[in-house]
Amino acid sequence: MTQSILQRLCNTPPPECVLVAGASGGIGQAICLHLVEQFPSITLIRLARNTSKLLPLTVPTQDIMFDITDAVSVCDALELLPGNVNIDWIFIATGWLHSDILYPEKTWRNLEADHLLHAFTVNAIGPTLLVKQLLAKINPSHLTTIGILSARVGSISDNQIGGWHSYRASKAALNMLIKNFAIELKRMKRPTIVVGLQPGTTDTPLSEPFKHHVSPNYLQTPEFTASHLIDVMQHLTLEDSGQLFDYTGVCFAP
């Protein structure tokens, strides 16, 4: 069995500045709240589609409106950050599984171009372009850890039951892009860690239509998920870059 990185001795200093993209979502909001509780002197940069939904906090925040599906919006949002800024951690907590009219496909017969395109835009293209813009903006000599919400169902080797075509494929694409970022950054000798984070089945609007299939023992609160993902981020090293970790700190195959 793969060992959890949480069993390592953690020597990571507490983060002073953290950026959370998707900060008004279930997991993103919980991450912000837990960061403030755990690191009360922190500064937060919060990116959200609707900043009016962001909760007031007891720490300094910079709240920026952005749309993960719009490359121009992503670029404009990051223009509001100072150049060469030191950011210790970056959480990208965006993601899309379903809407009122589009549900995960159970069979290839349900495949539609607009469903595939939207899934790839939100789950792979948007986070990738956000990372691209962030890498151009942040201090390249400062150690930065980037955690992007991925999914175990995006693991090709782990897929035994099929279905959920758009979601699986878009997360698999994201996982490959994470790996590519890590390889290039290592070649550049840039101290940046990029990993995928699997949050587990969390009680949020994303999982709402499907949680009746999940045992209550396995349905996590956003607070539980946030605390565990923060713990994983604290234990990451440069050698971990490009890999995928679940909320318990166990690495899983792409």
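Descriptive notes on the structure:
- PRO56 fulfils the conditions (1) open to solvent by 40 Å² or more (accessible area, probe 1.4 Å); (2) in contact (Cβ under 8 Å) with a residue 12 or more places away in the chain; (3) closer than 27 Å to SER73 by Cα except for a single criterion, (2).
- Among the residues of the stretch 111-124, those that are over 18 Å from ASP70 (Cα atoms) and either among the small types (Gly, Ala, Ser) or in contact (Cβ under 8 Å) with a residue 40 or more places away in the chain (or both) comprise LEU111, ALA113.
- Test: THR128 is crowded, with 16+ Cβ neighbours inside 10 Å and part of a helix (DSSP H, G or I): yes
- Residue match in the stretch 87-96 (condition: of a type outside the set (A, V, I, L, M, F, W, C) and without any contact (Cβ under 8 Å) to a residue 24 or more places away in the chain): no
- Among the residues of the stretch 59-107, those that are surrounded by fewer than 19 Cβ atoms within 10 Å (Cβ to Cβ), closer than 25 Å to VAL194 by Cβ and of a type in the set (Asp, Glu) comprise ASP63, ASP67, ASP70, ASP76, GLU79.
- Only one of the listed residues (SER150, SER170) is over 19 Å from LEU236 (Cβ atoms) and open to solvent by less than 10 Å² (accessible area, probe 1.4 Å). That residue is SER170.
- For the stretch 1-21, taking the residues that are in contact with a strand residue (DSSP E or B) (Cβ under 7 Å, 6 or more places away or on another chain) and of a type outside the set (A, V, I, L, M), the one that is modelled with the lowest pLDDT is identified as THR2.
- Going through (1) in a helix (DSSP H, G or I); (2) surrounded by 14 or more Cβ atoms within 10 Å (Cβ to Cβ) one by one, ALA136 falls short only on (2).
- The stretch 28-45 - residue that is open to solvent by less than 60 Å² (accessible area, probe 1.4 Å), outside any loop (DSSP other than H, G, I, E, B) and free of Cβ contacts under 8 Å to residues at least 40 places away in the same chain and, of those, nearest to SER150 (Cα to Cα): CYS32
- Consider the stretch 141-175 and keep the residues that are in a loop (DSSP other than H, G, I, E, B) and in contact with a Ser or Thr (Cβ under 8 Å, 6 or more places away or on another chain). The one that is modelled with the highest pLDDT is LEU143.
The values are calculated or read from the model by the stated rules, or taken from the named source; none is laboratory data. This is a predicted model, so every value here is computed, not measured. FYI the Cβ positions are ideal-geometry reconstructions off the backbone, even for glycines, and counts take in every protein chain you see. The area values use the complete protein model at the heavy-atom level, side chains included, leaving out ligands, DNA and RNA. Shrake-Rupley method; radii C 1.70, N 1.55, O 1.52, S 1.80 Å.
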